[in-house]
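The values are calculated or read from the model by the stated rules, or taken from the named source; none is laboratory data. All values reported here derive from a predicted model rather than from experimental measurement. Note that each Cβ is placed from the backbone with ideal geometry, even for glycine, and that neighbours are counted across all protein chains shown.
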Amino acid sequence: MTAMAPARTEPDLSYLLDHTSHVLRTRMAAALGTIGLTARMHCVLVHALAEERTQAQLAELGDMDKTTMVVTVDALEKAGLAERRPSSTDRRARIIAVTEAGAKVAHKSQKIVDGVHEEALGALPDDERTVLLRAMNRLVTGHLASPVESPVPARRARQRG
């Protein structure tokens with residue numbers, strides 16, 4: 001005899017957020033791929049352009065582990081878009097400096113990212129877009145701002161590129 005599934009009383013928020021996030025990431029990857037970048041590479045370039053930052057600071061901002069960050073910066077260096085340099089404020093630290101070519105690519109990639117976001121949000125009427133963005137911002141700065149500790153840590157969705 002099979003067990004009866006419990007009746008769902010609320011929409012599956014986890015599915016809705018995971019699915020939209022996954023599809024948005026795939027669209028972003030495809031769009032940035034047209035200029036030879038990954039979302040991580042874009043993230044590093046944009047944040048490194050904003051101010052002098054170490055690899056560890058950029059990894060934190062981009063939610064990357066150390067290994068992923070090293071691979072990302074290696075790819076940026078190989079492409080001539082960024083380089084590791086000594087910090088101007090801490091001689092022990094090394095920062096990620098964006099090259100002139102990297103700055104041009106970052107501006108181009110930001111337009112691509114903005115376009116992907118605009119396309120996604122453009123699928124909604126203006127009033128729904130405003131409500132969605134307000135609600136999402138409220139969640140990420142409030143109730144869902146930080147993960148909670150758990151005896152069995154939740155795995156993050158696997159991301160490629």
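Listed values, structure above:
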{"quantity": "Filter result for the condition that a residue is surrounded by 12 or more Cβ atoms within 10 Å (Cβ to Cβ) and not in a helix (DSSP H, G or I), over Leu124, Leu133, Leu139", "calculated": "Leu124"}
{"quantity": "Subset of the stretch 75-93 (residues that are charged (D, E, K, R) and either surrounded by 13 or more Cβ atoms within 10 Å (Cβ to Cβ) or over 16 Å from Val105 (Cβ atoms) (or both))", "calculated": "Glu77, Glu83, Arg84, Arg85, Asp90, Arg91, Arg92"}
{"quantity": "Any hit, the stretch 78-99, residues being part of a helix (DSSP H, G or I) and within 19 Å of the chain's Cα centre (by Cα)", "calculated": "no"}
{"quantity": "Inter-residue pairs, beta-carbon under 9 Å, first in contact (Cβ under 8 Å) with a residue 60 or more places away in the chain and in the stretch 120-138, second exposed (fewer than 12 other Cβ atoms within 10 Å of the Cβ), 6+ apart", "calculated": "Ala120/Thr20; Ala120/Val23"}
{"quantity": "Matching entry among Ala103, Ala48, Ala29 (being of a type in the set (Gly, Ala, Ser), part of a helix (DSSP H, G or I), in contact (Cβ under 8 Å) with a residue 12 or more places away in the chain and surrounded by 19 or more Cβ atoms within 10 Å (Cβ to Cβ))", "calculated": "Ala48"}
{"quantity": "Residue ID - modelled with the lowest pLDDT, chosen from residues in the stretch 57-70 that are exposed (fewer than 12 other Cβ atoms within 10 Å of the Cβ) and assigned to a helix (DSSP H, G or I)", "calculated": "Lys66"}
